[in-house]
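*Asks:* Here it is, the structure in full.
What follows is calculated from the coordinates using simple rules that are stated; it is not laboratory data. Because the structure is predicted, anything quoted here is derived from the model rather than measured. Here the Cβ is made from the backbone with ideal geometry for all residues, glycine too, and neighbour counts use every protein chain on show.
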Amino acid sequence: MEPQSPDAGLASSYTISCPPGTYDEGVLHHTLATVFRQWQTSSPTANFLGERSFLADGQRGNYEWITYDEAGKIVTNIGSGLRSLGIAPGDRVAIMSKNRTEWMLADLACFCYGFISVPVYDSYFPTDCEYILQHSESRAVFVARENLDFINRVKATCSQLQYVILMDRRASDKEFAGGHHDLITHTMTEVAAIGAGQPLPDEAVTQDTMATFVYTSGTTGSPKGAMLTHRNMIYGVYGLGSRLSHVPFQDAHIGYLPLAHIFERVVELLVVSRAGAVGYSQGAHCCPSRPPRLTLGGAGLGAGQDVSKLVDDIRVLRPTMLPGVPRVFNKTYAALRAASMWAMCAAGGLEVGCGSFRVAAWDGAGRWGVQTESGFFLKRWAFNLAYRHKDRALDKGQETPRTDRLIFNKIRERFGGRIRLIFSGSAPLPPEVARYLRVVFGCPVVEGYALTETSSSAAVTSTDNVTYGNVGFALPGIEIKLMDLPEMGYLVQDTPPRGEICLRGPAVFQGYYKDPATTASVLRDGWVHSGDVGTYVMGNRLKIIDRVKNIFKLSQGEFVAADRVESIYSASPLVSQVMVHGERTMNGLVGLVVPNPDGVAHWCQTNGQDPALAQDRAAMARHAGLKEAIVKDLAARGAAAQLRRFEILQDILVLGQEFTTENHQMTPSFKLRREAIRRAYATELAQLCSSMRPGSSKVPEKPLFS
């Protein structure tokens, strides 16, 4: 797979492709419907979809499963019921819920009966959710109880919406439905009962049949409905699967990232294509006895996601693959670094190592703690020694059974003990985070790059990769082309070539629904213009280096790539989130920083500070000593990464709350809404930036507090 020369006659572009022949050609005649139905027939008793049971004391028990055959019968009944209600092939059917069994059943019913499914993030702005229902002209919506009030507020403005169908597999939902039929037209059970009375065969969908409209969140403007056919999605699913061919999906996948996002949806459909099981996290939906609780918000795990519950779900389910986004893995990395892993090894007071190597368990508030300061430093020294030994051994292709048995296997057991692959998507993962996870979990860390518009298929690293900081090779059927961006100084004649990433192939979408102007601006001659800037490293490995929109110029004429700088700073254990800011009138950068409570807890312990500080975000925002520590750490990381002097933060504002979807400062796909953040902190930013404008005192050669 050698990179091609610049396109003949197009000196402003440079193309690289994956060679043909890496697909199972037979599967490319399938649709999403036939892929599912084949396993219903050939693996009818295999576990398919599961959720944890509710115990009498309010806690959660083991996973309870429905099989492929049971799911297939429900899908038939739901699809037949919708047809009996007058929903026709090609009609849009919306799904608004956090991840749960009914979400996938409704999606599969759409695929099998020719309806176009329309996922709706429950963490979108209310106006965006209303817009999606209106714009898609959805005739029915499957909705969770916690989203029912919203649907009833907006349904009067959604002229096509006829049916509000309540998800009700849980006993509490059935009880609720009994007294609230004025809020819904049907329950899901009732629709299935209608279909069971007159079951219909699947619709004769083809690969060219429209499968779904996926509305992209975007950082500005209204959501755009990407139109994806069965062919698009099939190529996305099997393209990804071809790079992950050795992973035994037949075990189980933990479904916690939002299904409304194309990444999680394609991963789960890949599991379906291998007759695997999907267990949904209890943190991905609400407790039936109380309203949603925000723990990490839209910061990576989805609104209402409780990280302590997710860890417990992983322990019980014992999945074989752990997918995530950099926001999740950065937080995991920071938490593990802050605790030097020993607290995680010693949940329940387990002795590790020897003598006084004893630490406290998970405290129920999302943090790990150690019992004594002296013990902490001894354990940290031992862990770091083991880490360095294993890191060197892995680079040489050597195994470390003794080190694994003494330390790292205990960590793996906290995550079920069966994780064979960690897969990161959505945004670049800092190389040090990838390497750390590889050593600690003892499994490949695979990183991918894709778009909603390419059915979550573009480039993925190989499972034997140990060189991080890139997103690997083009997937089968995908062509990747770099095109000149002279206004940003990126040219394909550079060594190595650099430019805007453009993608072409059978996974590429059909355009944006009812938006020909935007379609024409993004999809040109079959090429999707991504808005991302890339280069090739080590031959034909793609590396994301910038974003067309997230670049700004400082007063001295220097350009700053915000995403690249933020990815370096976000690896700090003291930092949960960071946004850098600069303007044409400034000759340096400032940052808005959300502290990481786990890292702050460690800092308090090692610096003689009150440990209560780590549990009070408002206090963290006011603490001058913590601000100084963060600035110093960020400056050191910037220097180590060889950032230019003007890219080193000169000052920061420590924030008392995270960027989330709830405060409208992050998209559901975990991207910063920069303009919304700037508006929210306009006064504070003006004060931070004032010293770096013309006429003010000179920007220091080194950052503050250094």
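*Asks:* How many angstrom lie between the Cα centre of the stretch 140-177 and the Cα centre of the stretch 82-108?
*Replies:* 12
*Asks:* Search the structure for amide H atoms under 5 Å from the amide H of residue 552, placed 1.01 Å from N in the peptide plane, and list their residues when 5 or more places away or on another chain.
*Replies:* 560, 562
*Asks:* Using r as the Cβ-Cβ distance of residue 537 and residue 657, and R0 as 51 Å, what FRET efficiency do you calculate, to the nearest 0.05?
*Replies:* Details: r = 37 Å, r/R0 = 0.73.
Calculated value: 0.85.
*Asks:* Here's something else I'd like to know. Here are some pairs, 98/481; 396/671; 481/671; 309/543; which of them have Cα atoms lying more than 27 Å apart in this structure? Each step should come with its number before you reach the end.
*Replies:* On the way: 98/481 36 Å; 396/671 37 Å; 481/671 24 Å; 309/543 34 Å.
As for pairs spanning more than 27 Å Cα to Cα, those are 98/481; 396/671; 309/543.
*Asks:* On full extension of the chain, what length is gained from residue 59 through residue 392, given 0.36 nm per residue of separation minus the C-alpha to C-alpha distance?
*Replies:* On the way: separation 333, 0.36 × 333 = 119.88 nm, distance 4.28 nm.
The residue 59-residue 392 span can extend by a further 115.6 nm.
*Asks:* I'd like the Karplus ³J(HN,Hα) series for the stretch 396-404: coefficients 6.51, -1.76, 1.60, θ = phi - 60°, whole numbers in Hz, and an x wherever there's a Gly or Pro.
*Replies:* Residue by residue, the stretch 396-404 yields 9, x, 9, 9, 10, x, 5, 4, 4 Hz.
*Asks:* Which of rounded, prolate or oblate describes the stretch 31-320 when judged by the alpha-carbon gyration tensor and an a/c cut-off of 1.5?
*Replies:* Values: a/c = 1.20, a/b = 1.04, b/c = 1.16.
It is rounded, given that a/c, with a ≥ b ≥ c, falls under 1.5.
*Asks:* Here's something else I'd like to know. As a footprinting exposure proxy, order 457, 462, 97 by other Cβ within 10 Å, with the fewest listed first.
*Replies:* 462, 97, 457
*Asks:* Could you work out how much longer the chain between residue 159 and residue 381 gets when fully extended? Use 0.36 nm per residue separation minus the Cα distance between them, nm to one decimal. If you can, show how the numbers build up before the last one.
*Replies:* On the way: separation 222, 0.36 × 222 = 79.92 nm, distance 6.46 nm.
The span from residue 159 to residue 381 would gain 73.5 nm if fully extended.
*Asks:* Here's a follow-up. For the stretch 138-274, what does the alpha-carbon gyration tensor say about shape, rounded, prolate or oblate, given a ≥ b ≥ c as the root eigenvalues, a/c under 1.5 as rounded, and a/b over b/c as prolate?
*Replies:* Working: a/c = 1.73, a/b = 1.48, b/c = 1.17.
It is prolate, given that a/c is not under 1.5 and a/b is the larger ratio.
*Asks:* Sticking with this one: Sorting 213, 111 on the 10 Å Cβ count, fewest up front, what's the list? Walk me through the numbers before you get to the answer.
*Replies:* Working: 213 25, 111 28.
Placing the least packed residue first, the sequence is 213, 111.
*Asks:* Rank the residues 381, 527 as a footprinting-exposure proxy: fewest other Cβ atoms within 10 Å of their Cβ go first. Mind dumping the intermediate values first?
*Replies:* On the way: 381 11, 527 20.
So the residues, fewest neighbours to most, are 381, 527.
*Asks:* Also, I was wondering about something else. Taking 0.36 nm per intervening residue step and subtracting the Cα-Cα distance, what contour gain separates residue 606 from residue 406 on full extension? Each step should come with its number before you reach the end.
*Replies:* Working: separation 200, 0.36 × 200 = 72.00 nm, distance 2.59 nm.
This chain segment gains 69.4 nm when fully extended.
*Asks:* Would you please give the FRET efficiency between residue 69 and residue 687, computed as 1/(1 + (r/R0)^6) with r the Cβ-Cβ distance and R0 = 45 Å, to the nearest 0.05?
*Replies:* Numbers: r = 64 Å, r/R0 = 1.42.
Step by step, r from the Cβ atoms, then E = 0.10.
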